[in-house]
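Working notes, structure below.
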Amino acid sequence: MSRFWSEVTNALSPYVPGEQPQIENIIKLNTNENPYGPAPGVLKAITEQTTGDLRKYPDPNAAALKQTIGGYYGISPSQVFVGNGSDEVLAHLFVAFFKGKRPILFPDITYSFFPVYCRLFEIESRQIPVNDRFEIELDEYAQENGGIIFANPNAPTGIFKPVDAIESLLKTNTDSVVVIDEAYVDFGGQSCIPLVNKYPNLLVVQTLSKSRSLAGLRVGFACGNAELIEGLNRVKNSFNSYPMDRLAIAGAIASFFDDKYLKETTEQIIYNREFLTKGLKKIGFTVLPSKANFVFACHRQDAADIMQQLRERAIIVRHFDAPRIEQFLRITVGTYREIKLLLAALEEIVGA
Ligand SMILES: *Cc1c(COP(=O)(O)O)cnc(C)c1O
């Protein structure tokens, strides 16, 4: 609290990102970063931008990147919006589509940035509980609303909802914008982007931070009807003309030109995820079925205690002190070696 802060600022409870500890040789499995690094062509494209041209502003519309993403997904560049990480894309869409009179709907367990944006932008929300298997029950979203948003696969559960189930919702919910945050969709899910030509109120958000291993570059995007994209452009151009810098535009474009690398690395992560899941189950963990690059797991031993003991062994995982999930740990799928070390440490801790 400060007497200099506005009322809104005093009432905020900001999102807390997973920590980035400056400790050497730690095994960092707390922020769902990709262990394999970006495609080689990405680093080359970024390096080529480190010239005197950095004195000039980038293209405010990032047209070349929109062209590339549109081409990749078979839609028009006018159906693509890009931003400084998908968190920024999400912020803009809350303003563009959700700042209405009716409450928006999202699951009680989902990306914790959604309630943060509601407070920042003073948007009413209603949280719909996931069922006791932690699945989103889409039938319960058939009620009056000012918008719907959830992550698919959901975070932090990793549970994936099939596209046909989402299409059923879109058939009945036609008067408000439905946003699907597909940050983890490349790890075995299926994207809703092919539906954007059919449903003018569908917006699909993705990021280059996870499957494309570019969390440090800050690039996210949204695909939808051109009218929705124009709404996002209006908000963006009322906020920051140049959210995408020259390096980010060049690196992001290059990442869409190496599909073989994307396929190989995501397949390796899926393979590692199954190895991690099996190993956790063997030592008494319950593991939710994940289609993401993390697993969400609990044990009869206290989650915060396990996290602390892992920390003492220089292994960092994420724990959310929130209702219904306080006994779960979210563990990023790392390399095969990291998983082996994690499982060995856990075996000691839980005494299996
Ligand atoms: C990681 C993540 C994002 C944010 O990604 P950035 O593009 O790095 O801002 C968005 N949504 C979910 C569900 C995520 O897990």
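On alpha carbon coordinates alone, what is the Rg over Rh value for segment 40-255, Rh being the Kirkwood radius? Provide the component values of the computation, followed by the final result.
Working: Rg = 17.1 Å, Rh = 17.6 Å.
Ratio of gyration radius to Kirkwood radius for segment 40-255: 0.97.
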Notebook entry, point to check: If each residue's Cβ is checked for other Cβ atoms within 10 Å, how do 118, 192 rank with the fewest at the top?
Noted result: 118, 192
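Got a sec? How would 53, 302 order by Cβ neighbour count within 10 Å, fewest to most?
Details: 53 10, 302 13.
Placing the least packed residue first, the sequence is 53, 302.
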Item checked: Near-label residues of segment 20-57 by backbone N, under 11 Å of a point 7 Å along Cα→Cβ of residue 314 -> 23-28
Notebook entry, point to check: Roughly how many nanometres apart are two label points built 7 Å out from the Cα toward the Cβ at residue 260 and residue 237?
Noted result: 4.1
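Within the chain, which whole H helices from DSSP have a Cα span along their axis of at least 24 Å and a mean Kyte-Doolittle hydropathy of 1.6 or more, if any? Walk me through the intermediate numbers first.
Values: long enough: 259-282 (35 Å, -1.12).
Once both thresholds are applied, nothing remains.
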Note to self: Once you place label points 7 Å from the Cα toward the Cβ at residue 275 and residue 305, how far apart are they in nm?
What the structure shows: 3.0
Check: Taking other Cβ within 10 Å of each residue's Cβ, how do 168, 6 sort, fewest first?
Finding: 6, 168
Next item on the list: Rounded to whole Hz and in sequence order, give me ³J(HN,Hα) for segment 49-55 from the Karplus expression 6.51 cos²θ - 1.76 cosθ + 1.60, θ = phi - 60°, writing x for Gly and Pro.
Entry: 8, 7, 10, x, 5, 5, 5
Next item on the list: Go through 282/340; 210/236; 66/236; 210/278; 66/99; 263/291 and tell me which ones have a Cα-Cα distance over 20 Å in this structure.
Entry: 210/236; 210/278; 66/99
Item checked: DSSP beta bridge pairing in the chain, given as percent antiparallel to the nearest 5 -> 50
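How much length would be gained if the chain were fully extended between residue 139 and residue 347, taking 0.36 nm per residue of separation minus their Cα-Cα distance, in nm to one decimal?
Numbers: separation 208, 0.36 × 208 = 74.88 nm, distance 4.03 nm.
Taking 0.36 nm per residue and subtracting the Cα distance, the gain is 70.8 nm.
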Next item on the list: Enumerate the aspartates and glutamates that residue 281 could reach by cross-link, defined here as Cα to Cα under 13 Å, with residues fewer than 8 away along the same chain left out.
Entry: 347
Margin query: With a cut-off of 8 Å between alpha carbons and a minimum separation of six or more residues, what is the relative contact order of segment 153-244 in percent?
Written below: 22
Check: In whole Å, how far is the Cα centre of segment 17-41 from that of segment 294-352?
Finding: 16
Notebook entry, point to check: With +1 on each Lys and Arg Cβ and -1 on each Asp and Glu Cβ, how big is the dipole of the chain about its Cα centre, in debye rounded to the nearest 20?
Noted result: 460
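FYI, it's all coordinate maths here, none of it is from the lab. Here the structure is a predicted model, which is why all the values come from computation and not from measurement. Positions of Cβ are backbone-derived with ideal geometry, glycine not excepted, and every protein chain shown enters the neighbour counts.
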